[in-house]
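See structure below.
The values are calculated or read from the model by the stated rules, or taken from the named source; none is laboratory data. What you see is a predicted model; the values in this text were computed from it and never measured. In case anyone asks, the SASA skips ligands and DNA or RNA and just uses the protein heavy atoms, side chains included. Shrake-Rupley method; radii C 1.70, N 1.55, O 1.52, S 1.80 Å.
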Amino acid sequence: MIHKFGVRSVGLGHPYMDKFVIRGGNPLLGTVRISGAKNAALPAMAAALLTEEPVILENVPQVRDIETERKLLAAMGAEVELGYGRAQHRTTICCRNLVNPEASYELVKTMRASTLVLGALVARMKHARVSLPGGCAIGARPIDLHLKGLERLGARIWQEHGYIEARAERLKGARVVFEKITVTGTEDLMMAATLAEGETILENCAREPEVGDLATLLNKMGAKIEGAGTHTIRVQGVEKLHGARHRIIPDRIEAGTFIVAAALTGGDLLVSGCDPRHLGALLQKLEECGVRVQTNGDSVRVTGDGPLRAADMVTEEYPGFPTDMQAQFMALATQAEGVSIVTENIFENRFMHAQELVRMGANIRIEGARAVVRGQTPLSGAAVQASDLRASASLVLAALVAEGETIIDRVYHIDRGYERIEEKLRGVGAQIRRIGEFLPKRVATPVAAG
Ligand code: UD1
């Protein structure tokens, strides 16, 4: 059944009250199924703004960031329909009657990726008003490259009352060279260029699989994009885009998190429904650490039956080691024999998890963009706080091997990007439960969007 205009609660209870209680010691055994990629679904939903016709997305994960984007689109006048039952991961978005091309501060502050609507709104509505994201737990995350790119396409951009305003009668194709590789910047500009007059050449683009997935969707909608997945993307502007149906790629970061969890706990886990081609750098690093990894079609089997060895790791743009797996890798490094040097090259201030891991018994020293992790130190359960999405995941992993009970506060961070993580972990043997003032509801309830 489909509920029109509905934004469905994903049944996570009150986000601020929930905690995870985890008792460590169990190896992860069995099979876990991976959800669709949040970071591919977010731009795909924004792409629906480019057409009057419905865009049907399959394999959309039920996580809080997706709910935020549904609210964002609904506030602009979009009709967002959600599948139920067997079709619960399907979302249909129709942007026929857009009334308000604005992303409000209330929504942007909870999810920076809201700025992904900028390019699509200017291209379709000739006008966008998007709140500046403001501070962020993992360092300054400016959107200057999105704005410079849109200016190159002829948009007039100014700032007023904390909002970015952008206007253009019709965008014009141009050559845009990104000074720095940016994932959502590449996606934003690619969307804007689809409806621009003439050809746009984007250079120094992000090559993440999520960029490729967005290009596939846009091409299904009638766009003319070539080169997504390489450094240079060419977009031939068209007058109009139409509706399409698209299946979102699997979440490589969720897959990676379960793979590391299996390695860390000495488990034997089949991670199914993922795309091993997107996991190359991680799997190679884990093999260096002594983890046995076998890929087969859309699954990865991880066997952590030997001792873990330390390894240095540097985060890089795709196809390098993803920054979104850095915190989880650090949890693993605390249990590896020897010294691992973890270098964070993409974001400043993305070591918030290190101090919490130290509170659990890890030996980690931060030196600027490097973390020196001395393993193997036994971890013991403690009360810890999640600070951002992936940092929270690393605390869950550490708790799975800690002696005794760990209580993780502020799990709303983890709910932003992991679908039912505690149920999935419990399904493969972990002792984890969610506690909160309002317990998670199993039955989804449709509520009015807006
Ligand atoms: C995306 C991902 C996020 C991931 C990140 C890096 C989504 C929704 N989020 O975030 O999970 O951690 O890629 O893989 O896909 N920068 C600028 N100016 C800009 C834009 C970016 O200086 O206008 C800088 C950032 O501060 C950062 C670097 O570029 O240092 C890369 O950031 P970017 O790739 O843009 O990250 P996001 O797209 O926000």
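Treating each Cα of the range 69-140 as an identical point scatterer and summing with the Debye formula, the log10 of I(q)/I(0) at q = 0.27 Å⁻¹ comes to -1.18.
Assuming 0.692 mPa s and 37 °C, estimate D for the range 304-343 with Stokes-Einstein, Rh taken as the Kirkwood radius over Cα pairs, in µm²/s.
The diffusion coefficient I find is 310 µm²/s.
Of the three principal axes defined by the Cα atoms of the range 28-112, the extents in descending order read 50, 28, 19 Å.
Accessible surface computed residue by residue for the chain, with neighbouring protein chains in place and a 1.4 Å probe, gives 39 Å² per residue. In percent, rounded to a whole number, the relative contact order of the chain is 23, using alpha-carbon pairs under 8 Å and six or more apart.
For the chain, the fraction of 1.4 Å probe accessible surface lying on carbon and sulfur atoms is 48 percent.
Classify the range 132-250 as rounded, prolate or oblate from the Cα gyration tensor: take a ≥ b ≥ c as the square roots of its eigenvalues, call it rounded if a/c is under 1.5, otherwise prolate when a/b beats b/c and oblate if not. Taking the square roots of the gyration eigenvalues as a ≥ b ≥ c, the range 132-250 is oblate.
Shape annotation for the range 330-416: C-alpha extents along the principal axes are 28, 27, 15 Å, from largest to smallest. As a ratio to 2.2 N^0.38 Å, the alpha-carbon radius of gyration computed for the chain takes the value 0.96.
Quick one: grab the alpha carbon gyration tensor of the range 284-370, order the square roots of its eigenvalues as a ≥ b ≥ c, and give me rounded if a/c is under 1.5, else prolate or oblate depending on whether a/b is larger than b/c. Oblate shape, in that a/c is at least 1.5 and b/c is the bigger or equal ratio. Computed per residue of the chain from DSSP H runs no shorter than four, each worth -39500 (n - 2.57), the mean residue ellipticity at 222 nm is -8500 deg cm²/dmol. Bridge orientation summary for the chain: considering DSSP beta bridges with both residues in this region, about 70 percent are antiparallel. Each 5 Å bin from 0 upward holds the following percent of the Cα-Cα pairs of the range 193-328: 2, 10, 17, 17, 15, 11, 10, 8, 5, 3, 1, 0. In straight-distance terms, cross-link reach from LYS424 covers every one of the lysines whose alpha-carbon lies under 26 Å from its own, apart from those fewer than eight places away in the same chain; here that gives LYS19, LYS38, LYS285, LYS441.
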